[in-house]
Amino acid sequence: MSVGGMIFLGLVVVALIYGITLYNGLVGLKHGVAKAWANIDVLLKQRHDELPKLVEVCKQYKEFEQSTLQRVIEARSQVQTARQAQDVGALGEAEGALRLGLGRLFAVAEAYPELKANEHFMQLQQRITALENSIADRRELYNEAVNINNVRVDQFPDAVIARLFRFDPQPLLEFAAAEKADVDIKQLFS
């Protein structure tokens, strides 16, 4: 084999190794996004399981506002539907509605001293609040994983490998305008 042939073969091997390295990096990023989504999904499932307990404790207080409970139940259902469909856009909207409903539920609970003093209600409220904080942290990690993935999928030369093997950009988990706005405390108590 001639020197030119060996150089050509060496360049092909280097290009192949480089291509494999890029491909493996993109696979790692794709799985990182999936893992971040799975972490959110676990927390959403936990919250989904806890909310009926909270609603049931509230229902035990006959005067408790039914419309507030109904909004939480409906928002919970929307989150579950979006979660099962893995529809990130719908999940962002449903999450906003659920967080607003929970805020209203906890605000209304302030008017019911017996409910507020109920040990089960307090435990559930603390548990759901902890889950909300964990979900917020996981959403941030998910969006970071998606951002890193999307940058790599769009950068050259990764974009060539990404298009060739159909590594697509992933959607960010965005939030409804209502969720980003300041909370109107006065409205929650009226």
Positions within the stretch 23-63 being farther than 22 Å from Ala75 by Cβ and hydroxyl-bearing (Ser, Thr, Tyr), in sequence order: Tyr23
Every pair of residues 6+ apart whose Cβ atoms lie under 7 Å, when the first sits in the stretch 19-42 and is polar (S, T, N, Q) while the second is crowded, with 19+ Cβ neighbours inside 10 Å: Asn39/Arg138
Condition broken by Ala36, with the remaining ones in (1) within 22 Å of Val160 (Cα to Cα); (2) hydrophobic (A, V, I, L, M, F, W, C); (3) within 25 Å of the chain's Cα centre (by Cα); (4) surrounded by 14 or more Cβ atoms within 10 Å (Cβ to Cβ) satisfied: (1)
Count - residues of the stretch 123-178 that are among the charged types (D, E, K, R) and more than 16 Å from the chain's Cα centre (by Cα): 7
Residue match in the stretch 74-93 (condition: surrounded by 13 or more Cβ atoms within 10 Å (Cβ to Cβ), over 16 Å from the mean Cα position of the chain (by Cα), closer than 27 Å to Ala36 by Cα and at pLDDT 85 or above): yes
Pair list, Cβ < 7 Å and 6+ apart or interchain, from the stretch 163-174 residues that are farther than 14 Å from Trp37 by Cβ to residues that are of a type in the set (S, T, N, Q) and not in a loop (DSSP other than H, G, I, E, B): Pro169/Asn150
Residue that is small (Gly, Ala, Ser) and closer than 30 Å to Ile20 by Cα, where the choices are Ala85, Ala94, Ala159: Ala159
Filter result (in contact with a Leu (Cβ under 8 Å, 6 or more places away or on another chain) and within 20 Å of Lys35 (Cβ to Cβ)) within the stretch 113-149: Leu131, Ser134, Ile135, Arg138, Arg139, Tyr142, Asn143, Ala145, Val146, Asn147, Ile148, Asn149
Selection within the stretch 128-146 - surrounded by 14 or more Cβ atoms within 10 Å (Cβ to Cβ) and either in contact with a helix residue (DSSP H, G or I) (Cβ under 6 Å, 6 or more places away or on another chain) or over 15 Å from Gln46 (Cβ atoms) (or both): Ile128, Leu131, Ser134, Ile135, Arg138, Leu141, Tyr142, Asn143, Glu144, Ala145, Val146
The stretch 141-155 residues that are among the basic types (Lys, Arg), paired with ones that are in a helix (DSSP H, G or I) (beta carbon under 6 Å, 6 or more apart): Arg152/Leu29; Arg152/Asp158
Tabulated pairs, the stretch 106-122, first assigned to a helix (DSSP H, G or I), second surrounded by 16 or more Cβ atoms within 10 Å (Cβ to Cβ) and of a type in the set (D, E, K, R), C-beta under 9 angstrom, 6+ apart or interchain: Val108/Glu65
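The values are calculated or read from the model by the stated rules, or taken from the named source; none is laboratory data. Note that the coordinates shown come from a computational prediction; the quantities given were computed from them, not determined experimentally. Here the Cβ is made from the backbone with ideal geometry for all residues, glycine too, and neighbour counts use every protein chain on show.
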